[in-house]
Amino acid sequence: MLGVNARPVVAKVINPVVTRLARVGVSPDMVTITGTVGAIAGAAGLIATGHLFWGAFTVTVFVLLDMLDGALARLRGGGSVFGAVLDSTGDRAADAAIFGALVWWFAGSGDNRLLVLLALLCLVLGVLTSYIKARAEGMGLACDVGVVERTERLILVLTGTGFTGLGIPYAVHVALWVLLVGSAVTVGQRVLAVKRAADGRRIEP
């Protein structure tokens, strides 16, 4: 997956930034909250009002902060349980804001019911993708498979949205269709992975 393969390259870029943040006393939770609030504000204030390019650009900037909080936590000696929950919650909130903003725009002035449906389906499948993994890990099962994880999901939707804002025809259509298929495949992959891992195991009554 892109999120794993790109990690060494990304680390070289963000490590100097993370080091500076640690020196001035910025905490991982502060980074998480800033990234989440900024992404939600960008989606609600720009994408939902039809400013698709600048909305995608703004959300991307704040979403990139998601790469900093984990690295900052590791530099400070490890993250907290609360920080991990806060980070996951922020991710879900930002994702919902992005797709919700697309639904709002295309259900109103954007006037495209097909894109409303696609965005809603992508949102639901994204939630299922994350939920299956979280639920499996809560049961002590590994569930790291999937062709579309959050990194890929954000790249697709924000690139398609941004290109549409630049006037490229059907960019967001293509992005959402690809995301829909990839997310559906990912849900299926994770369900099968959990089934294989759980075969023979029983929940104690």
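Quick rundown of the values:
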read-out	value
Subset of region 153-180 [open to solvent by 70 Å² or more (accessible area, probe 1.4 Å) and either more than 16 Å from T60 (Cα to Cα) or touching a His at 6+ places or on another chain (Cβ under 8 Å) (or both)]	I168, P169, Y170, V174, W177, V178
Residue in region 70-81 that is surrounded by 16 or more Cβ atoms within 10 Å (Cβ to Cβ) and within 18 Å of the chain's Cα centre (by Cα) present	yes
Check on G126, more than 13 Å from the chain's Cα centre (by Cα) and not hydroxyl-bearing (S, T, Y)	no
Count - residues of region 45-69 that are under 21 Å from L115 (Cα atoms), free of Cβ contacts under 8 Å to residues at least 60 places away in the same chain and surrounded by fewer than 19 Cβ atoms within 10 Å (Cβ to Cβ)	2
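Rundown of residues vs (1) among the aromatic types (F, W, Y); (2) under 30 Å from D199 (Cβ atoms); (3) in contact with an Asp or Glu (Cβ under 8 Å, 6 or more places away or on another chain), yes/no style:
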| position | (1), (2), (3) |
| --- | --- |
| F106 | yes, no, no |
| Y131 | yes, yes, no |
| I155 | no, no, no |
| T161 | no, no, no |
| A175 | no, no, no |
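The values are calculated or read from the model by the stated rules, or taken from the named source; none is laboratory data. Note that the structure is predicted; figures quoted are calculated from it, not measured. Every residue, glycine among them, receives a Cβ derived from its backbone with ideal geometry; neighbour counts consider all protein chains shown. The protein model used for the area step is the full one, side chains on, heavy atoms only, and it has no ligands, DNA or RNA in it. Shrake-Rupley method; radii C 1.70, N 1.55, O 1.52, S 1.80 Å.
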